[in-house]
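As structure tokens, the structure follows; a few thoughts come after it.
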Amino acid sequence: MAEIDKNPEAEKITGVAKARFLRIGPRKVRLVVDMIRGKTANEALSILEFSPRYPAVAVRKLLKSAISNVMNVSESKKVELDPDTLVIDRVFVDEGPSMKRMSPRAFGRADIIRKRSSHITIILGTK
């Protein structure tokens, strides 16, 4: 059996940031999130900076928060961490609740308009 490394510095430092009940449809956010999956944090920030898509602003703000969370965790564990070594470990978008609105149609009928929301989660790790 292999020995387990008990060194506290050897454990992987991760940081998580979540944005919940974001008023953007999850399909639109997934298009932006797919662009940055697996990239380094700095590379992802530059991609989001110049992306013309509307959800890129929210994802960029969330990524900055995740970077800040990782730095806070490394400070509390007293481990030196270079922000250039951060990699997007996992990022995913879940569907939030939909607000339902009625829209009038012909012959007295009504259609339901779903105003969708999403939950975004970014997990950063080190290389």
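A short reminder: the numbers here are calculations on the coordinates, not readings from a lab. If you're wondering where the values come from, they're calculated on a predicted model, not measured in any experiment. Note that each Cβ is placed from the backbone with ideal geometry, even for glycine, and that neighbours are counted across all protein chains shown.
Beyond 20 Å between alpha-carbons counts as too far, so tell me which of Lys18/Lys77; Lys61/Lys115; Lys64/Lys115; Lys12/Lys39; Lys28/Lys127 fall in that bin.
Numbers: Lys18/Lys77 22 Å; Lys61/Lys115 22 Å; Lys64/Lys115 27 Å; Lys12/Lys39 17 Å; Lys28/Lys127 29 Å.
Listed pairs above 20 Å: Lys18/Lys77; Lys61/Lys115; Lys64/Lys115; Lys28/Lys127.
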Can you give the Rg to Rh ratio of the chain, both from alpha-carbon atoms, with Rh computed by the Kirkwood formula? 1.17
Would you mind giving the three semi-axes, in whole Å and largest first, of the ellipsoid equivalent to region 80-127 according to its Cα gyration tensor? 45, 7, 7
Going by alpha carbons, how many degrees (0 to 90, nearest 10) lie between the helix axis of 26-36 and the longest principal axis of the chain? 30 degrees
What net charge do the residues around Gly125 carry, taking every other residue with its C-beta under 9 Å from that of Gly125, with Lys and Arg at +1 and Asp and Glu at -1? +2
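Run the helix sum for the chain: -39,500 (n - 2.57) per DSSP H stretch of 4+ residues, divided by residue count, reported at 222 nm to the nearest 500 deg cm²/dmol. Mind showing how you got there, number by number?
On the way: 3 runs with 42 residues, N = 127.
Mean residue ellipticity, 222 nm, calculated: -10500 deg cm²/dmol.
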If one takes the longest principal axis of the Cα atoms in the chain, at what angle in degrees, from 0 to 90 and to the nearest 10, does the Cα axis of helix 55-76 lie? 30 degrees
